[in-house]
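S.K.: The structure under discussion is supplied below as structure tokens; questions concerning it will follow.
Just so it is clear, none of the values below were taken in a lab; they were calculated from the coordinates. Remember, predicted model here, so these are calculated numbers, not experimental data. Every residue, glycine as well, gets a Cβ built from its backbone with ideal geometry; the counts of neighbours run over all protein chains shown.
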Amino acid sequence: MGPHIAILAHGDFPSSGACLEVLRTADLRVCCDGAAASLINAGLEPDYIVGDMDSLPGDLQARFADRIRRCSGQEDNDMTKAFHFALSLNPSRITILGATGAREDHTLGNISLLLDYAAEAPCPIEMLTDYGRFAVIRDSATMSATPGQEISIFCFDSSVRITAEGLQYPTDKVVFDSLWKGTLNVAAADRFTLHLSHPCGVLVYFAQER
């Protein structure tokens, strides 16, 4: 079995217990170049640093020279470069952290990229934030939850119809032509099922339990 890889992006450094536990216990930590300093300041070290190194101070570039994987080019952001590098390590699981906060355009772009990553990754992949987590399904699926947990559904295919079992509010008449359309639902049981009318990428957000 391959390693569980935590990818740390250069948004707000995570502060929740769940996020920090992943950073501490992951088999490998892959940092976007600008995020490495934040990880080091938190008392942890990167196993790899990926990017063009324009955001990594020179002293850290010298200190971690053997862990740097330099990737130039502007067609992909550093999080995508880190993701593609992580795939080369044959992971069993990928968790992305630090992808939200700071600039809102980066936050929206990074969240939407999770759909592209899930289409490429041969293993489970999710994005963890201080407030919850994003998972991806590409066809009908059953997922675990806690009764009362807030669930939001995001889809960029307005032709899909999603029928839910185990959620408080029905979704079968929702037309997913705007980001808010499938938000703010609630788990009514310890699992719920989303039936998709046809395969497509769907982001499912699980709010952190209170």
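S.K.: At most 14 other Cβ atoms within 10 Å and a DSSP loop assignment: could you name the GluC sites (Glu not before Pro) in the range 106-210 that fit?
M.R.: Those that pass, being in a loop and sparsely packed, are Glu209.
S.K.: For the range 56-210, what D do you get in µm² per second when you plug the Kirkwood radius from alpha-carbon pairs into Stokes-Einstein at 10 °C and 1.306 mPa s? Intermediate results must be reported in sequence, preceding the final value.
M.R.: On the way: Rh = 17.1 Å.
Answer from the Stokes-Einstein relation: 93 µm²/s.
S.K.: May I pose another question? What's the angle, to the nearest 10 degrees (0 to 90), between helix 104-120's Cα axis and the longest principal axis of the chain?
M.R.: 80 degrees
S.K.: Quick one: Cα convex hull volume of the range 4-129, Å³ per residue? Please report the intermediate quantities before stating the final value.
M.R.: Details: hull volume 12.5 nm³, N = 126.
Dividing the Cα hull volume of the range 4-129 by its residue count gives 99 Å³.
S.K.: Follow-up. How big, on average over all directions, is the shadow cast by the Cα convex hull of the range 27-86, in nm²? Write out the running numbers ahead of the final one.
M.R.: Working: hull surface 15.4 nm².
Value for the range 27-86: 3.9 nm².
S.K.: Could you compute the FRET efficiency for Lys173 and Thr146, with r as their C-beta to C-beta distance and R0 at 45 Å, rounded to 0.05? Write down the numbers at each step before the final one.
M.R.: Details: r = 26 Å, r/R0 = 0.58.
According to the calculation, E is roughly 0.95.
S.K.: Another one. Restricting attention to the range 142-208, which chymotrypsin sites (Phe, Trp or Tyr not before Pro) occupy a DSSP loop and are surrounded by at most 12 other Cβ atoms within 10 Å? Don't skip to the answer; put the middle values down first.
M.R.: Numbers: sites: Phe154, Phe156, Phe176, Trp180, Phe192, Tyr205, Phe206; in loops: Phe156, Phe176, Trp180.
Here the sparse-neighbourhood loop sites are Trp180.
S.K.: Return the sequence-ordered ³J(HN,Hα) values of the range 79-91 in whole Hz as given by the Karplus equation 6.51 cos²θ - 1.76 cosθ + 1.60 applied to θ = phi - 60°, using x for Gly and Pro.
M.R.: 5, 5, 4, 5, 4, 5, 5, 4, 4, 5, 9, 6, x
S.K.: Give a quick list of trypsin sites (Lys or Arg not before Pro) in the range 1-106 that DSSP marks as loop, anything other than H, G, I, E or B, with at most 14 other Cβ atoms within 10 Å.
M.R.: Details: sites: Arg24, Arg29, Arg63, Arg67, Arg69, Arg70, Lys81, Arg93, Arg103; in loops: Arg103.
Hits after loop and neighbour filter: Arg103.
S.K.: Fully extended, how many nm does the chain gain between Trp180 and Glu45 (0.36 nm per residue separation, minus their Cα-Cα distance)? All intermediate terms of the calculation are to be shown ahead of the outcome.
M.R.: Values: separation 135, 0.36 × 135 = 48.60 nm, distance 3.79 nm.
Fully extending the segment from Trp180 to Glu45 adds 44.8 nm.
S.K.: Give the share of C-alpha pairs in each 10 angstrom bin for the range 136-207, from 0 to the last occupied bin, in whole percents, shortest bins first.
M.R.: Taking all Cα pairs of the range 136-207, the binned fractions are 23, 61, 16 percent.
S.K.: For the range 151-210 and the range 27-93, write down the distance between their C-alpha centroids in whole Å.
M.R.: One Cα centre to the other: 34 Å.
S.K.: If I model a spin label at Arg63 and Asp76 as a point 7 Å from the Cα along the Cα→Cβ vector, what separation in nanometres do I get?
M.R.: It is 2.7 nm.
S.K.: Provide Phe85, Phe13 in ascending order of the number of other Cβ atoms located within 10 Å of each residue's Cβ, fewest first. Walk me through the numbers before you get to the answer.
M.R.: On the way: Phe85 18, Phe13 21.
In order of increasing Cβ crowding within 10 Å: Phe85, Phe13.
S.K.: Which parts of the range 94-116 would a label at Gln208 reach, counting a residue when its backbone N lies under 16 Å from a point 7 Å out along Cα-to-Cβ?
M.R.: Counting only backbone N, you get 96-102.
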